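Below: one structure, written as structure tokens.
The values are calculated or read from the model by the stated rules, or taken from the named source; none is laboratory data. Remember, it's a predicted structure, so these values are computed and weren't measured experimentally. Every residue, glycine among them, receives a Cβ derived from its backbone with ideal geometry; neighbour counts consider all protein chains shown.
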Amino acid sequence: MKRSIIVGNWKMYATSIADAHILATTIRNKVAPVIGIEVVLCPPALWLPEIKNILGDNKKILLGAQNMAYEEEGAFTGEIAPSMVAEMAKFCIVGHSERRQYFDESDQDVNEKVLAALKHGITPIICVGERKRQNNAAEPTRQLAAALYHVPKKYFKDIIVAYEPIWAIGTGENAEPEYVAKVAVKLRELLHTATPILYGGSVKGSNIAGYAERPEIDGVLVGGASVRAAEFIEICRVWSNSKNFKS
Ligand code: 13P
């Protein structure tokens, strides 16, 4: 059966440990019984150990980092080494458009991070997406090809790709599921049949069903709605119900 993956990118929200604790505990309690889905929470890096404790050995809800360095170690003030992420998390978001835009991450940086993540047994969640609304998949496909440069094909099952058009992020203007499905088909040409392809951009409880209905889309990467516990829980439930999973 194809995987269904729901990722919550908390970005730089849940800015107190108390808020992060409540959010993770509520999600854990309410999402653990939802069947058929894999959930990845990506809190701010400083909260990873605390939330790892809260999730314990829960097999369904796992942890991801939002970013990491590709160097092994060294004089890189403020950076987080891949081995540090690997001790805390199974996943790491790589190449998010906010990193590309505000922290000047290049395609080459993203590629180095993908290689470093795989080397350390971390599943990279590679984000790609065009800045302005377009009617073709040229830019996300180009970004994905660059991110996968020199990545051996045998690793393609061990990555996740998230199509996140920048115009849809945080704007309330989510991309139409049919359009996302078309882009996913194009991205799939560069990937393994088992590589999960997610959609991200203004996903919420009221629009998630449209994505769940498309077999080309394997899950979602949720930003703003992932730090509102009730909304995130609703997204997980609606996805599971739409797929009609049986326990
Ligand atoms: P929003 O869900 O807030 O649009 O953010 C999407 C995103 O950037 C997830 O990584």
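Looking only at the range 73-99, which residues are of a type in the set (Val, Ile, Thr) and either in a helix (DSSP H, G or I) or closer than 18 Å to Ala14 by Cα (or both)?
Val85, Ile93
Residues that are more than 16 Å from the ligand (Cβ to nearest atom) and modelled with pLDDT of 95 or more: list the strands (runs of 3 or more DSSP E) wholly contained in the range 1-72 that include at least 2 such residues.
The qualifying strands (runs of 3 or more DSSP E) are 61-65.
Pull up the range 187-208, narrow it to residues that are small (Gly, Ala, Ser) and under 29 Å from Lys154 (Cα atoms), then point me to the one that is modelled with the lowest pLDDT.
Ala194
Considering each residue of the range 213-228, count those that are more than 10 Å from the ligand (Cβ to nearest atom) and either surrounded by fewer than 18 Cβ atoms within 10 Å (Cβ to Cβ) or not small (Gly, Ala, Ser) (or both), and give that number.
Result for the range 213-228: 7.
Of everything in the range 91-135 that's free of Cβ contacts under 8 Å to residues at least 12 places away in the same chain and under 19 Å from Arg188 (Cα atoms), which residue is surrounded by the most Cβ atoms within 10 Å (Cβ to Cβ)?
Gln134
Please tell me if Ala168 is away from the ligand (no atom under 12 Å from the Cβ) and of a type in the set (Gly, Ala, Ser).
no
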